[in-house]
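The values are calculated or read from the model by the stated rules, or taken from the named source; none is laboratory data. Model, not experiment: these values are computed from the prediction. Don't worry about glycine lacking a Cβ; one is built from the backbone with ideal geometry, like all the others, and counts go over all protein chains shown. Heavy atoms of the whole protein, side chains included, go into the accessibility calculation; ligands, DNA and RNA do not. Shrake-Rupley method; radii C 1.70, N 1.55, O 1.52, S 1.80 Å.
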Amino acid sequence: MSKNLSDKLNEYLANQQVMYIKLHNLHWYVKGRGFFTLHAKLEDLYDQTAKIIDDVAERLLALGGSPVANLKKALELTSVKEREDAPISSDETIKSLISDVDYWIRDTKEIVELAEENNDGATADQFNGYLTEYQKLMWMLKSYME
Ligand SMILES: [Fe+2]
């Protein structure tokens with residue numbers, strides 16, 4: 001595996017590790033009329049994120065890489081902006097999710113392109129799977145906002 005791809009996969013992993021906590025933050029602090037829907041949806045999302053974290057780490061290992069497994073390192077690598085431990089309205093929760101999911105989509109596309117440049121179709125397939133899920137989620141978040 002090229003260093004480029006290995007570094008990018010570790011950044012992706014760090015982003016998902018931080019998102020795992022951020023999704024819990026929103027799950028706990030969301031308020032307002034969307035509470036029951038959003039509280040439950042955020043639980044689905046952090047469960048999905050936990051699975052992605054494990055799958056990305058194990059893909060790195062399968063390719064001979066070393067997955068980041070250290071929160072201090074993850075915080076150095078991540079581009080995710082964390083939020084305070086404070087209440088957040090349902091609308092602001094959706095806006096925050098849309099902004100993060102938009103980032104996930106761009107980040108995932110970059111990995112697919114990089115994997116294809118490295119003739120690594122299996123990694124490209126794995127991330128195309130995430131891309132399909134994130135694009136579906138984006139449609140749902142925008143529909144909820146209407
Ligand atoms: Fe919970």
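Quick one: how many Å² of D44 are accessible to a 1.4 Å probe, rounded to 10?
Roll a 1.4 Å probe over it and D44 shows about 90 Å².
If r is the Cβ-Cβ distance from N70 to A50 and R0 is 22 Å, what FRET efficiency results, to the nearest 0.05?
My answer for the efficiency is 0.80.
Say the cut-off is 21 Å between C-alpha atoms; which of K73/K95; K22/K95; K73/K136; K22/K72 go over it?
Pairs exceeding the cut-off: K73/K95; K73/K136.
Put a dot 7 Å past each Cα toward the Cβ at S99 and F36; how far apart are the dots in nm?
2.9 nm
If you add up the charges near L137, with Lys and Arg at +1 and Asp and Glu at -1, over every other residue whose beta carbon is less than 13 angstrom from its beta carbon, what do you get?
-1
Could you give the angle, 0 to 90 degrees to the nearest 10, between helix 121-145's Cα long axis and the longest principal axis of the Cα atoms of the chain?
Helix 121-145 sits roughly 10 degrees off the main axis of the chain.
Give me the angle, in degrees from 0 to 90, between the Cα long axis of helix 3-29 and the longest principal axis of the Cα atoms of the chain, rounded to the nearest 10.
20 degrees
Aspartates and glutamates near K3 by alpha-carbon distance under 15 Å, same-chain residues fewer than 8 away left out - which ones?
E11, E110, E113, E116, E117, D120
Write down the Kirkwood hydrodynamic radius of region 1-143, to one decimal in angstroms, obtained as one divided by the mean of 1/r over all alpha carbon pairs.
Computed over region 1-143, the radius equals 15.6 Å.
Taking only Cα atoms, what is the 0 to 90° angle, nearest 10, from helix 90-117's long axis to the longest principal axis of the chain?
10 degrees
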